[in-house]
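To start, the structure itself, in structure tokens.
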Amino acid sequence: MTKLIPKLRLLFAIGMVMLVAIPASAQRQMENLGRGVVAVRTGTSSIFVSWRLLGLDPAGIGFNLYRSTAGGAYTKLNSSVLTAGTCYTDTTPDITKDNAYYVKPVIGGVEQAASGSYT
């Protein structure tokens with residue numbers, strides 16, 4: 001029995017090392033997600049627009065938000081790059097018509113490709 005105890009201690013130590021080492025070596029699995037733009041009417045004359053911040057977005061990323069009314073041309077809604085979050089309240093929509101929104105990330109002052117749109 002006394003010869004078995006050191007072997008059990010060794011097996012226990014090896015097991016503990018494996019438990020600690022396995023999660024540390026596993027890579028984080030990420031999904032292939034888009035911006036997920038969503039717009040919700042919040043009053044008689046406002047629409048709340050929200051979108052995702054992605055896991056690989058760099059620090060300091062900003063966004064420009066665009067709206068199209070009744071299938072017309074898209075116009076930028078914000079006067080300066082949005083950096084305080086991933087949402088915006090549109091207070092000037094024509095809610096009697098369809099409004100479509102998309103965002104363009106801004107990285108290092110350069111506007112990137114548009115996200116998918118949401119109507």
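Throughout, read-outs are computed from the coordinates displayed, never taken from laboratory work. Computed from a predicted model, the values in this text were never measured in an experiment. FYI the Cβ positions are ideal-geometry reconstructions off the backbone, even for glycines, and counts take in every protein chain you see.
Identify the residues of region 50-74 with backbone N under 12 Å of a label point that sits 7 angstrom from the Cα of residue 81 along the Cα-to-Cβ direction, or state none.
Counting backbone N atoms under 12 Å from the label point, the list is 58-64.
From the P(r) of region 38-111, can you give the percent of Cα pairs sitting at distances over 20 Å?
Counting every Cα pair in region 38-111, those more than 20 Å apart make up 30 percent.
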